[in-house]
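What follows is a single structure, and I will ask about it in a moment.
The values are calculated or read from the model by the stated rules, or taken from the named source; none is laboratory data. If you're wondering where the values come from, they're calculated on a predicted model, not measured in any experiment. Glycine gets a Cβ as well: all are built from the backbone with ideal geometry, and neighbour counts include every protein chain shown. Side chains are part of the model used for accessible areas, which takes the heavy atoms of the whole protein and leaves out ligands, DNA and RNA. Shrake-Rupley method; radii C 1.70, N 1.55, O 1.52, S 1.80 Å.
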Amino acid sequence: MSGIFSKAMARNIFYGGTVFFFLLFLALVYDTERELPTRDNRQNLSAEVIAGKKIWETRNCIGCHSLLGEGAYFAPELGNVYPRRGPEFIKAWMQSQPTGAPGRRQMPNFHLSDEELDNLVAFLKYSSEINTANWPPNIEG
Amino acid sequence: MNTASATALTPAPPAAQYRLAGDLAIWIFILAELLAFGVFFSAYAFTRAHHVELFDAEQRALHRDVGALNTALLLTASYFVVRAVQAAERFAARASSHWLLGAMVCGAGFIVLKLFEYGAAFDQGVSLSSSPFHMFYLSLTFFHFMHVILGMVILAALWFGARAGRYQPGDMNGMETGAAYWHMVDLVWLILFPLVYVIH
Amino acid sequence: MQYKSQAVAMPYFIAAIGLFVGQIIFGLIMGLQYVVGDFLFPEIPFNVARMVHTNLLIVWLLFGFMGAAYYLVPEETETELYSPKLALILFWVFLVAGALTVLGYLFVPYATLAQATGNDLLATMGREFLEQPLPTKLGIVVVALAFLFNISMTMLKGRKTAISMVLLLGLWGLAIFFLFSFYNPHNLVKDKFYWWFVVHLWVEGVWELILAALLAFVLIKVTGVDREVIEKWLYVIITLALVTGIIGTGHHYYWIGAPEYWQWWGSIFSALEPIPFFAMTVFAFNMVNRRRREHPNKAAVLWALGTGVMAFLGAGVWGFLHTLAPVNFYTHGTQITAAHGHMAFYGAYVMVVITIISYAMPLLRGRAANSEKAQVLEMWSFWLMTIAMVFITLFLTAAGILQVWLQRVSDTPMSFMTAQDQVALFYWMREWAGVVFFIGLLTYLASFFVKGEAKAVAS
């Protein structure tokens with residue numbers, strides 16, 4: 001069998017195919033934006049939650065923990081830590097760090113005020129109420 | 001695959017020899033697309049097996065007659081494209097461009113009908129998230145719909161080329177490549193239509 | 001070296017290798033912290049070490065890409081670089097900014113760093129891989145734009161080849177998608193959704209264009225195969241990469257609050273993602289088999305072939321392993337992800353940068369190839385690093401499978417830390433494999449200093 005295989009045609013197909021699939025992707029992104037209000041728990045984005053997210057970010061929590069499965073895998077998943085441990089445990093836990101137990105993984109103490117702790121907990125509560133298609137498989141995350 | 005690229009450098013083969021119509025690059029693209037559709041169809045069949053009643057009920061709500069008309073439109077368009085290729089092969093550039101125009105009219109008809117179908121479906125609250133069947137119905141048909149649009153762009157390019165007399169015996173690669181793509185779009189619909197609209 | 005201005009690539013390559021060493025040292029620290037939890041605590045907590053490890057990786061790969069572009073573009077366009085001076089200025093700006101950022105991570109508490117660098121004006125920090133302070137992010141944009149200006153102007157005045165066009169497209173895409181790092185909505189789902197526009201559309205999108213272009217360039221040079229042949233396969237491969245990779249973004253949208261149809265779209269298209277990587281491997285071996293000349297730089301050929309194989313294994317096979325939604329439901333956010341990440345980054349991007357360095361560095365130093373002795377040492381480093389990375393990946397995969405079983409699948413699931421204790425043995429073995437990798441890296445460094453009779457410059 002023989003045939004033609006030209007660089008010009010391969011190039012056209014590359015550009016055409018890329019534009020095509022990028023537009024298809026954008027169409028799906030558009031639909032996602034329309035659906036998100038029913039899933040992303042935006043009605044509970046209070047001032048506390050927003051402040052809590054900023055504390056989450058500026059302490060680089062994602063550098064050890066994961067949130068909805070994304071981040072580092074050095075410390076427990078926190079997307080469902082609110083239902084797993086409850087607000088009081090989370091606050092007490094953060095205040096008692098580091099444990100100093102020899103040879104064990106250590107978490108720094110971030111010296112958060114009571115208000116900051118409450119905001120962080122509010123953020124973790126909000127995160128736990130996002131519709132994640134039933135992920136994680138169980139409460140241990 | 002390297003034999004093809006190697007022979008591309010040698011002079012045109014004797015006519016009697018087997019010849020791949022259209023550029024090898026488009027055939028690789030077509031195979032990739034068919035693979036994507038194929039996996040999608042398998043996923044459809046797999047999911048349908050788990051929700052037979054739901055799928056049956058919601059399939060019945062689709063406009064099968066409009067789908068059949070669309071099938072006729074795409075088949076006709078494919079026939080016109082074949083005629084356009086044949087015309088170009090006997091130096092009839094004008095006729096070739098007319099056949100392409102005909103194919104584009106059929107393709108446009110498909111797009112218009114599909115837009116009405118989508119409009120009605122959206123009014124009834126059909127969306128990618130409204131049910132497993134709707135997810136597949138919209139995903140598969142919209143993925144295909146975008147292929148028809150791309151096919152129309154390609155036909156338009158061929159039409160301009162034909163009018164400029166760019167395609168003639170010995171120089172048919174552009175037209176054959178575009179035609180091969182259009183036939184792929186047609187072929188996918190011939191599987192999609194019975195699968196999603198007809199088979200219960 | 002055919003054009004004087006190609007010489008600006010040299011400092012970029014040296015910086016890349018230097019930062020690579022730093023990256024691996026921090027990797028070893030983290031690996032040890034996995035099993036000796038309080039190692040270097042509180043001086044270097046794990047999150048700081050990780051930030052340094054991943055940010056150094058990104059920065060040194062960017063140095064590598066830029067150096068590669070400065071080397072490749074003049075030769076492809078057959079003209080001198082638009083402004084070698086600008087290239088050198090940008091080098092120092094980028095290096096100093098990068099160094100300051102890493103020093104900031106190491107010596108300033110992250111919250112203080114955020115406050116001092118204007119995170120209150122525009123909060124962009126504290127998201128995985130995008131931890132850089134605002135001035136660093138802006139610096140990256142400025143450097144990238146000035147770099148692209150320099151490269152684009154060079155292209156405009158010279159010959160336009162497929163390889164340089166694809167490379168340029170990849171580099172522009174890199175800069176454009178980085179802009180999403182400035183978008184950090186309060187809504188966590190949207191934050192995560194668009195975060196992937198940087199991360200996924202980089203590594204499984206535009207970076208693949210850069211990878212394929214660099215590989216094609218080196219293959220033309222070392223095999224002497226016709227440019228036409230290599231360039232048309234280049235187009236076919238990157239078409240397949242983007243056709244599968246763009247919608248493949250969906251495999252990150254299964255469990256972060258996005259609509260559930262992404263489970264289908266993401267699974268189907270990312271299941272096809274190994275195809276372009278497989279094609280790249282077949283392509284690389286084919287071109288080398290059909291070579292028309294015996295290039296004296298055997299080490300560069302080895303790295304080029306290695307890139308194909310390891311990118312296929314790391315990105316293709318290990319990606320496929322956990323990309324289907326029903327599997328990913330259990331493996332998401334476990335050591336399986338870490339295993340895939342390590343081999344994919346090494347196989348695709350680390351190796352392609354070393355490939356171009358291996359090819360270009362001897363030429364920049366005035367010879368066609370290094371001495372036999374130096375090349376043998378470099379090939380030793382290839383095998384040491386590559387085999388070590390295979391074992392790192394296997395051990396992490398084993399740890400991940402156990403973790404999934406104990407913590408996710410079991411009817412009586414273990415808590416995270418209990419499960420971690422159970423898999424400690426694999427973390428120890430991973431750390432030892434990491435040590436071997438580091439030895440390989442030191443061997444690689446040594447190969448630059450080995451004397452011996454160098455091959456003359458090819459005409």
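Regarding B:S42, is this residue away from every other protein chain (no Cβ under 14 Å), at negative phi, in a helix (DSSP H, G or I) and at pLDDT 95 or above?
Judged against the criteria, B:S42 is not a match.
Among the residues of region B:103-114, what is the count of those that are closer than 23 Å to B:D171 by Cβ and surrounded by fewer than 21 Cβ atoms within 10 Å (Cβ to Cβ)?
1
With C:V350, C:V376 as the choices, which residue is without any contact (Cβ under 8 Å) to a residue 40 or more places away in the chain and either within 21 Å of C:L209 (Cβ to Cβ) or open to solvent by 40 Å² or more (accessible area, probe 1.4 Å) (or both)?
Of the residues listed, the single one that is without any contact (Cβ under 8 Å) to a residue 40 or more places away in the chain and either within 21 Å of C:L209 (Cβ to Cβ) or open to solvent by 40 Å² or more (accessible area, probe 1.4 Å) (or both) is C:V376.
Name the single residue that is nearest to the other protein chains (Cβ to nearest Cβ) among those in region C:187-201 being without any contact (Cβ under 8 Å) to a residue 40 or more places away in the chain and open to solvent by 20 Å² or more (accessible area, probe 1.4 Å).
Step by step, filter region C:187-201, then rank; the result is C:K190.
Limited to region C:265-293, what total is found for residues that are in contact (Cβ under 8 Å) with a residue 40 or more places away in the chain, within 14 Å of chain B (Cβ to nearest Cβ) and part of a loop (DSSP other than H, G, I, E, B)?
Result for region C:265-293: 4.
So B:V126 ticks every box in (1) touching a residue at least 24 places away in the same chain (Cβ under 8 Å); (2) within 14 Å of another protein chain (Cβ to nearest Cβ); (3) among the β-branched types (V, I, T); (4) under 30 Å from B:R48 (Cβ atoms) but one. Which box is left unticked?
(1)
For B:S127, only one of the following conditions fails: (1) within 12 Å of the chain's Cα centre (by Cα); (2) surrounded by fewer than 21 Cβ atoms within 10 Å (Cβ to Cβ). What is its number?
Here B:S127 clears every test but (1).
Let me ask you something else. Output the residue which, of all residues in region A:87-104 that are assigned to a loop (DSSP other than H, G, I, E, B) and either among the polar types (S, T, N, Q) or surrounded by 13 or more Cβ atoms within 10 Å (Cβ to Cβ) (or both), is nearest to the other protein chains (Cβ to nearest Cβ).
A:R104
Here is a further query. Do the conditions hold for C:E260, that is, is it under 22 Å from the mean Cα position of the chain (by Cα) and among the acidic types (D, E)?
For C:E260, the condition - under 22 Å from the mean Cα position of the chain (by Cα) and among the acidic types (D, E) - is not met.
Can you report the number of residues in region C:272-318 which are among the β-branched types (V, I, T) and within 24 Å of C:A338 (Cβ to Cβ)?
Summing the residues that are among the β-branched types (V, I, T) and within 24 Å of C:A338 (Cβ to Cβ) in region C:272-318 gives 4.
Ok, one more. Does region A:68-81 contain at least one residue that is within 30 Å of C:T331 (Cα to Cα) and out of contact with any helix residue (DSSP H, G or I) (no Cβ under 8 Å at 6 or more places or on another chain)?
Yes, region A:68-81 has at least one match.
Another question, if that's okay. Looking at the structure I just gave you, is A:A92 within 30 Å of C:P326 (Cα to Cα) and free of Cβ contacts under 8 Å to residues at least 40 places away in the same chain?
Taking the combined requirement at face value, the residue does not satisfy it.
Among the numbered criteria (1) outside any helix (DSSP H, G or I); (2) farther than 30 Å from C:T397 by Cβ; (3) within 20 Å of the chain's Cα centre (by Cα), which single criterion is violated by A:L112?
(3)
Turning to a different aspect of this structure: For region C:103-129, enumerate the residues that are touching a residue at least 60 places away in the same chain (Cβ under 8 Å) and crowded, with 21+ Cβ neighbours inside 10 Å.
The answer is C:Y110, C:T124, C:R127.
Among the residues of region B:71-100, count how many are more than 16 Å from the chain's Cα centre (by Cα), open to solvent by 40 Å² or more (accessible area, probe 1.4 Å) and not acidic (D, E).
Final tally of qualifying residues: 7.
Another question about this same structure. Pairs only if they're at least six apart or on different chains, beta carbon under 7 angstrom, first in region A:30-59 and within 7 Å of chain C (Cβ to nearest Cβ) and basic (K, R), second assigned to a loop (DSSP other than H, G, I, E, B) and open to solvent by 60 Å² or more (accessible area, probe 1.4 Å); list them, first residue then second.
What qualifies is A:R39/A:N131; A:K53/C:H186.
Listed here are the residues, each with its yes/no results for (1) open to solvent by less than 50 Å² (accessible area, probe 1.4 Å); (2) not hydrophobic (A, V, I, L, M, F, W, C).
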residue	(1), (2)
A:L23	no, no
A:E35	yes, yes
A:N44	no, yes
A:V49	yes, no
A:G69	yes, yes
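Residues of region A:105-119 being in contact (Cβ under 8 Å) with a residue 40 or more places away in the chain and either open to solvent by 60 Å² or more (accessible area, probe 1.4 Å) or away from every other protein chain (no Cβ under 13 Å) (or both), which ones?
Passing the criteria: only A:D118.
Taking region C:19-46 on its own, how many of its residues are closer than 13 Å to C:R430 by Cβ and either within 12 Å of another protein chain (Cβ to nearest Cβ) or open to solvent by less than 30 Å² (accessible area, probe 1.4 Å) (or both)?
Matching residues across region C:19-46 total 7.
Each row is one residue, and each column tells you yes or no for (1) under 30 Å from C:G250 (Cα atoms); (2) within 12 Å of chain A (Cβ to nearest Cβ); (3) in a helix (DSSP H, G or I); (4) modelled with pLDDT of 95 or more.
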| residue | (1), (2), (3), (4) |
| --- | --- |
| B:F133 | yes, no, yes, yes |
| B:F136 | yes, no, yes, yes |
| B:T141 | yes, no, yes, yes |
| B:F145 | yes, yes, yes, yes |
| B:I154 | yes, yes, yes, yes |
| B:A157 | no, yes, yes, yes |
| B:E176 | no, yes, yes, yes |
| B:H183 | yes, no, yes, yes |
| B:W189 | yes, no, yes, yes |
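I would also like to ask the following. Could you say whether any residue in region B:170-177 is open to solvent by 70 Å² or more (accessible area, probe 1.4 Å) and among the small types (G, A, S)?
Yes: one or more hits.
In this structure, does C:Y427 turn out to be in contact with a Ser or Thr (Cβ under 6 Å, 6 or more places away or on another chain), surrounded by 16 or more Cβ atoms within 10 Å (Cβ to Cβ) and assigned to a helix (DSSP H, G or I)?
Answer is no for this residue.
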